[in-house]
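Below is one structure, written out as C-alpha cells; the observations come after it.
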Amino acid sequence: MVGDWKPVIGLEIHIQLKTRSKNFSPEGYEYGAEPNTLTHPVSLAYPGTLPVVNKKVVEYATLLALALNAEIRKTFHFSRKNYFYPDLPKGYQITQYDTPICENGYLHFKIGKTWKKVRILRVQIEEDTGKSIHDIDPFYTLLDFNRAGVPLLELVTAPDINSPEEAQAFLVAVRQLVRHLGISDGNMEEGSLRCDANISLIPPGEDKPGNRVEVKNLNSFRFLRKALEYEIERQRQIYESGGTVERETRGFDAVKGVTFPMRTKEELHDYRYFPEPDMPPYELSQELLEGLKHKMPPLPFQLWKRYTEELNLSEKEAEFLIEDLDISRFFEEALKSYNSPKSILKWLMGPVRASLNQNSISIEQFPLSPQIIAKLAQIADKEIVHFTVASQKLFRELLKDPSKDPEKLIKELSLDQKADDSSIEDVVRSVLQAFPEKIEQYHKGKTGLLGLFIGESMKKLKGKADPRKVKETVLKLLNKEQ
Amino acid sequence: MEINDDLLDKLAFLARLRFSGQDRERLKQDMSQIIDLVNKLNELNLDEVEPLTHISQHLQEGRNDEPQNPLDKRIVLENAPLSDSDYIKVPPVINKSEE
Amino acid sequence: MSKFKTFPSLWRWLEERGPKAPLSAVNIALKRIEQFRDLNAFIDVWKEEAQQLAQQLVSEKRKKPLHGLIVGVKDNIAVAGKPLTAASKILQGYKSPFSATVVERLQEAGAILIGRNNCDEFAMGSGNEYSYYGPARNPYNPDLVPGGSSGGSAVAVATGQVMVALGSDTGGSVRQPAAYCGVIGYKPTYGLLSRYGLIAFASSLDQIGILANNVEDIAAVMSVAAGKDPMDATSTPSKTPNFVEEIIDSRQRKFKIGVITETVEHKDLHPDMAIAMEKWISILSKKGHEIEYVSLPLLDYLVPMYQIIATAEASANLSRYDGVRYGYRAEADTLEEMYIKTRTEGFGMEVKRRIMMGTFVLSSGFYDAYYMRALKARRLLVNYLNNLFKQYDLLMLPTTPAPAFPIGSFAQRPVEMYLVDVFTVIANLAGTPAISLPLAWSKDGLPLGIQFMSKAFDDAKLLSFSASLFN
C-alpha cells in the first residue's frame, strides 16, 4: 500500500534453460562465447532450414509445470509470432500461443514472516533472439547471433503481487526454484533470468485498478524493486493531480532511477499468431510424466510445512533449511540414517555451517556425507563422545580425511577414554575445593549450581568422562561436605 | 471486398513492403479479386468442424540434447551483405536513442 | 509420343552403355543442354564437376544405386557450395553452406547433379514466367509456357537434358509442368521426402517432387531418397517401402479407380482433355481395372482454401528474406528503410502479391474469417478423401483443364492463373501422393497429362500402377 493506493503487479519472467543444445536448432550454447561462433543454418534461418524441438527442453518445461502444480497440456504444438527485428532471423519467433505447455499453477514465496501464493497463468516454451548491440558503432547496429534459438520458458503470473518488495521476493523464489530443479542458472546478470513487470494502481476506496503500464529491461532484483517503486510513485502523482495513467510500455533507466516511455507503436504489433506448420504436435508420454514426478525435489513451501508442522522445528530452523534447498536435501538424507531432526540440525547449524562459511563452499562441496553427519549426531547423543569433543576434535579430523570411519577414528584418537572413578573423584574434589562460597550457597538451596560444578569438572576431565558418573560423584562429594 | 488505402498500408507495413503508383492500384484490384475468390468458403457450413492445424500423420519425435557442430563464423560473416570481423552490421534502428 | 530424344531408364542405360555409361551420359546431357539453351531450362550448369564425377564413377568398381544418374536440381533446393536463389533477386549472391537431405542422399548414391533448373520465383507461379532469369519455354512450342513453378525441370527432362529432375510441388508445381511438357511428374505423400534444404513456400503443402521419363527412375530415386530425416520434424518416421521391388511385384494388380466427376465435367475443361479422359477410362477398363465415377463436391472450394493457406504460410516463410544475413540488401540509412527497400526491390510482383494476401488472412480481424475457416475446410476435404480411399485404390482426373497456355496470357489477370491449379491442389491439401502421366496429346500436338492419386503412403501402389501403363 502506498497511502491508500494499492499496487497491482503481474510479472512476465523469462527463464533461459541450460540445455546442452539450443531449442529448435542443434548447435551448442555457452554464455560469453566469441560473437557469431555458436550459430547454425537453422538458428540463422538460412533458406531451406527447419525447426526440430529439443526433447530436453520439453522435459525441463514439464518439470517446472509439475513444480508449479499447473494443469499440464499433454499434447501441445507451437505457434509463430510474426514481427521484424534484426536479431530475429526468421522474422517470427517460435513460441506457444494457443497451447502453452501448462496453465493455472501457483507458487508460494516468503515475504517477511508470511507465505504468499501467486497464481501462474501460463508457462510457454519459446526461443531467444540474438543480441543487438547499439552502442559500440555509431553508424551501425551490431548483431551477434550466438543467443538466437536458445531455449526460453516464459512464465506469466496473475496480478497477485502487491508491492515492489513482494515482486522482488517472488522473483527470488522463482530463481531459487529453477536452480533447485536444475533447469536454469537463473542468473539475472547473465540474462538467464529476465523479468518484465505490469503495474497498475487501485485508487483508494475503489476495487478496480487503473491502466496497466508495462516496465521492461529490468536486469537485477534491485532494479525490479526500484523501477516498481518509481512507477508506483509516478502513477500515484498522476492520479492525485487529476490525470489519467496511459497504457504504455516503459523502460527503466538504472542510472537515473526512473522509468521512461518506450516508442513502441502499439497498434502496429499485430503478431498474426498461427500454429507452426513445420512441427507436428508433441505428446508427453505417461512414462515421462511419472518419471519426472518421481524426480521432483520437494519445494520450499512444502518443506516449510513439513518442518514447522510435522517435525515441529522452529521458524528459524525451518528458514535455515529452506534458504538453500541443498541443505534441506542434505538434512533429509541424514534423517534417513538417524531420525532425530533436532540433533541433525544442531550439527548443520553448528559445526557444518561454520565449516562452510570458513571455507567459502556450498553444502554440495562439503566433504562429509549426510550419513557421516548422522553418525556423528548419533555418537554425540549416545554420549560415546561428548558433543563438544565430537564437534571439534572428531569433526576436524574427519574433514581432513573424510574416508575415515568415525568410530575407528574415536578409538585411534582415544577420544572415548573414560576417566576411571578415582581420577573423577580427584578432579571433582579439586573443583569443589575451588568454590567454597558456592558450595555454601548450594547447600542453602541454590541447587542450580550443580551444573557449574559438573561443567567445571567435565572441563578439567577434557570431556573424557561419563557425564553421569561425574554428576554422581559431584553429588556424593557435596553430600559428604554437609 | 474492397481494399482501401488504409488497409493496404497497414498490411504493407506488417510485411515491410511498399507499393506506389500503378503497382499500388493494380495490387488493390488483384487483392480484391483474390478475396472475392476465397470468400467462396463462406458457403460452407463449418460450425462443427475442427481446424486441421497439422497435416502430418505422426506426432513430433523431437531431438536428443546433443550439440552439433556450429557453422563456421567466417561463413556467417561472409554471407552477410555487411559485416566486420565479428559482427553482422545493419543500419541503426530509427529513434534508437528513445529506446 | 515424345518428339525428343531422351535417356532410357537408368538401369537400361547402364546395360546398353556398360562401364562408360556415366561419362557418355554427361557428355550427351551437356550437348543437349547447349542445344536447347533458348528454352532457358538451366540457370547454371556444373560442367567440370559433372565430368569429373562421371570419370570417378567410371573408375569405381561397386555400382551405387543411382550410378551416374543425371539430375537437374530446381533453384529452390540447396546444394552445398552452390548458389541458391529461388529464381529471385533477393537471394542474388547467396551460396548455400549445406545440401538438402534429398540431395545428399542422391549424391551418396552416385547421382550426378548437373545444374540448377529455372523456376518461378519462390515457386510461386504456374508458367515459369516469374523468374529473375527470364521465362523458361515449352519445348513443343517456345511461345507457350512449360508450366510452373518447376518449368525448367520439366523442360530439361522432356528434351533429354537430364534423366531425372528434382522439382517442388506446393499446388501442382511438379505435376502441371510435367503435363505441359509431356513427362511424368510425381508428388510423394507429404512427409515422405525430407523438406530440409527445400526453400519453404507453404510448409504444410510443399514436397520435393520428381520429374522423369520413366517410372523406374522415379522408383530408384525414391528408394534412395525417401524416409525419415532428423532435420525435418514433418518427415515420416515410418519405414518406407522398397519402391523398386514394389513396382516390379505389383504391376499386374487390378485396381478400383474412381474418376472425379466434377473434373471431367469442369467448365474450363478443354475438349481434347475430355476426349483423352474418355479414351483412357476405356483403356483402363479393358485392362481389367474397375472404373466408376465418383463425386468430389468440394472441388470448387479447393483453390480458395489453397490460396488462403499457401499465402498465409508463405507470408511468414518469406519474412527471413530481409537483407540482414544473406542475399540482396538495398542501400538505406535506417533499418526500417532497409527492410522495406530490400524486400520491395528484391521480390517480384507475384511474390509480393502473395505475401500481402497471406498477411491479410492472418491479420487480426480477419484471422478467424479466413485462415481458421480455411483450416476447417481443409479438414472437411481430408475426411472426405479418406472416405473415398476406403472404397477406391486410386482416383483419376486430368492434371490440368487444358494444355500449355501462351507466355503472357495471364499478364493482366494474374488471379485467373490460380484456377489452372484446380485439379492439382487436391493432393497438396490432403497430403496424398499424386502423379501426372503423359498419356495423351491435343489436336495441336501439345502434351496432355492425366493424374492419378492414392491415399497417403500408398506411393508404391501409385508408382506400380503408373509403371503398368507404360508397357
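Read-outs throughout are calculated quantities, based only on the coordinates presented, and are distinct from any laboratory measurement. Computed from a predicted model, the values in this text were never measured in an experiment. Note: ideal-geometry Cβ built from the backbone for every residue, glycine included; neighbour counts use all protein chains shown.
Here the simple spin-label model places points 7 Å from the Cα toward Cβ, and for C:LEU469 and C:TYR384 these points are separated by 2.3 nm. Computed with the Debye formula from one identical point scatterer per Cα of chain A, without solvent, the log10 of I(q)/I(0) at q = 0.08, 0.12, 0.13 Å⁻¹ comes to -0.67, -1.11, -1.24. Amide H to amide H, with H built 1.01 Å from N, C:TRP441 comes under 5 Å of C:LEU448, counting only residues 5 or more places away or on other chains. Think of the protein assembly as shown as a dipole: +1 on every Lys or Arg Cβ, -1 on every Asp or Glu Cβ, centred on the Cα centre; then among C:ALA369, A:MET349, C:LEU439, A:MET349 lies furthest on the positive end.
Helical content alone sets the calculated 222 nm signal of chain A at -11000 deg cm²/dmol, taking -39,500 (n - 2.57) per DSSP H segment of four or more residues and averaging over every residue. Applying D = kT/(6 pi eta Rh) to chain C, where Rh is the Kirkwood radius over alpha-carbon pairs, T corresponds to 25 °C and eta to 0.890 mPa s, the Stokes-Einstein value obtained is 111 µm²/s. Dividing the convex hull volume of the alpha-carbon atoms in the stretch A:134-205 by its residue count gives 150 Å³ per residue.
Mind pulling the angle between the C-alpha long axis of helix A:164-181 and the longest principal axis of chain A? Nearest 10 degrees, somewhere in 0 to 90. Approximately 80 degrees, to the nearest 10. Selection among A:ALA434, A:GLY451, A:VAL474 by position relative to the dipole of the stretch A:421-481 gives A:GLY451 as farthest towards the positive end (Cβ unit charges, Cα centre). Along its principal axes, the stretch A:421-481 has C-alpha extents of 31, 18, 18 angstrom, given from the largest down.
Only Lys, Arg, Asp and Glu carry charge here, each on its Cβ (+1 for the first two, -1 for the last two); on that basis chain C has a dipole of about 880 debye about its Cα centre.
Couplings 3J(HN,Hα) of the stretch C:281-298, computed from phi: 4, 5, 4, 5, 4, 5, 6, x, 7, 8, 10, 9, 8, 9, 9, 10, x, 7 Hz, in residue order, whole Hz [Karplus 6.51 cos²θ - 1.76 cosθ + 1.60, θ = phi - 60°; x for Gly and Pro]. Taking the empirical scaling 2.2 N^0.38 Å for compact globular proteins as reference, the stretch C:313-375 has a Cα radius of gyration ratio of 1.28.
Just so you know, the Cα atoms of the stretch C:1-97 work out to an Rg and Dmax of 15.2, 45 Å. For the stretch C:133-270, report the convex hull volume of the alpha-carbon atoms normalised per residue, in Å³, without decimals. Per-residue hull volume (Cα only) is 154 Å³. Close amide H pairs (under 5 Å, H built 1.01 Å from N) link C:SER173 with C:SER149, residues at least 5 positions away or on another chain. Springs between Cα atoms under 10 Å define the GNM used for chain B, and in it the highest mean-square fluctuation of B:GLU25, B:GLU43, B:GLU78 occurs at B:GLU78. Farthest toward the positive end of the dipole of chain C, out of C:LEU106, C:SER149, C:PHE122, is the Cα of C:LEU106, where the dipole comes from beta carbon charges about the Cα centre. Assigning unit charges at the beta carbon (Lys, Arg +1; Asp, Glu -1) and nothing else, what dipole magnitude in debye, to the nearest 20, does the protein assembly as shown show about its Cα centre? For this selection, approximately 2320 debye.
Treating r as the C-beta distance of B:GLU61 and A:GLN392 and R0 as 41 Å, the FRET efficiency rounds to 0.10.
Extension gain, A:GLU189 to A:ASN69: 0.36 nm times the residue separation minus the Cα-Cα distance gives 40.4 nm.
Residues in the stretch B:69-86 carry Karplus couplings, in order, of 4, x, 6, 4, 3, 5, 5, 4, 6, 5, 5, 6, x, 8, 7, 10, 6, 10 Hz; the curve used is 6.51 cos²θ - 1.76 cosθ + 1.60 with θ = phi - 60°, and Gly or Pro positions show x. In this calculation the C-beta distance from A:GLU383 to A:PHE435 is compared with R0 = 25 Å, giving a FRET efficiency of 0.50. Along chain C, the exposed loop sites are GluC sites (Glu not before Pro) outside DSSP states H, G, I, E and B with at most 15 other Cβ atoms within 10 Å, and the longest stretch free of them is C:61-264. For the options B:SER85, B:SER20, B:SER56, a Gaussian network treatment of chain B with springs between C-alpha atoms closer than 10 Å singles out B:SER85 as fluctuating the most. Taking a straight line from the alpha carbon of C:LYS254, these lysines sit under 29 Å away, with near neighbours fewer than eight places off in the same chain left out: C:LYS187, C:LYS239, C:LYS279, C:LYS286, C:LYS287, C:LYS390, C:LYS455, C:LYS461. Which values of log₁₀ I(q)/I(0), to two decimal places, follow from the Debye formula for the stretch A:6-288 at q = 0.06, 0.07, 0.10, 0.17 Å⁻¹ with a uniform point scatterer at every Cα? The computed values of log10 I(q)/I(0) come out as -0.20, -0.27, -0.56, -1.52. Relative to the longest principal axis of the Cα atoms of chain A, helix A:221-240 runs at roughly 60 degrees.
On the basis of the beta-carbon distance and an R0 of 56 Å, A:ASN104 and B:ASP5 show a calculated FRET efficiency of 0.80.
If every alpha-carbon in the stretch B:1-65 counts as one equal scatterer, what log10 I(q)/I(0) does Debye give at q = 0.13, 0.17, 0.24, 0.25 1/Å? For the stretch B:1-65, the Cα-only Debye profile gives -0.64, -0.79, -1.02, -1.07. What percent antiparallel are the DSSP beta bridges of chain C, to the nearest 5? Within chain C, antiparallel bridges account for around 65 percent of the total.
For chain C, the 222 nm mean residue ellipticity estimated from helices alone, with every DSSP H stretch of n ≥ 4 adding -39500 (n - 2.57) and the total spread over all residues, rounds to -11500 deg cm²/dmol.
If the only charges are +1 at each Lys and Arg Cβ and -1 at each Asp and Glu Cβ, what is the size of the charge dipole of the stretch A:216-296 around the Cα centre, to the nearest 20 debye? Charge dipole of the stretch A:216-296: 560 debye, to the nearest 20. For A:LYS480, the lysines whose Cα falls under 21 Å of its own Cα, not counting residues fewer than eight places away in the same chain, are A:LYS438, A:LYS444, A:LYS446, A:LYS469, A:LYS471.
In chain B, the longest principal axis of the Cα atoms and the axis of helix B:5-15 are about 30 degrees apart. Would you kindly calculate the translational diffusion coefficient of the stretch A:84-187, applying Stokes-Einstein with the Kirkwood radius from alpha carbon pairs, for 37 °C and a viscosity of 0.692 mPa s, and quote it in µm² s⁻¹ without decimals? My calculation gives 204 µm²/s for D. Of the trypsin sites (Lys or Arg not before Pro) found in the stretch C:152-241, those in coil by DSSP whose Cβ has at most 11 other Cβ atoms within 10 Å are C:LYS239. Rounded to a whole number, what is D in µm²/s for the protein assembly as shown from Stokes-Einstein with the Kirkwood radius over alpha-carbon pairs (20 °C, 1.002 mPa s)? Rounded to a whole number, D works out at 64 µm²/s.
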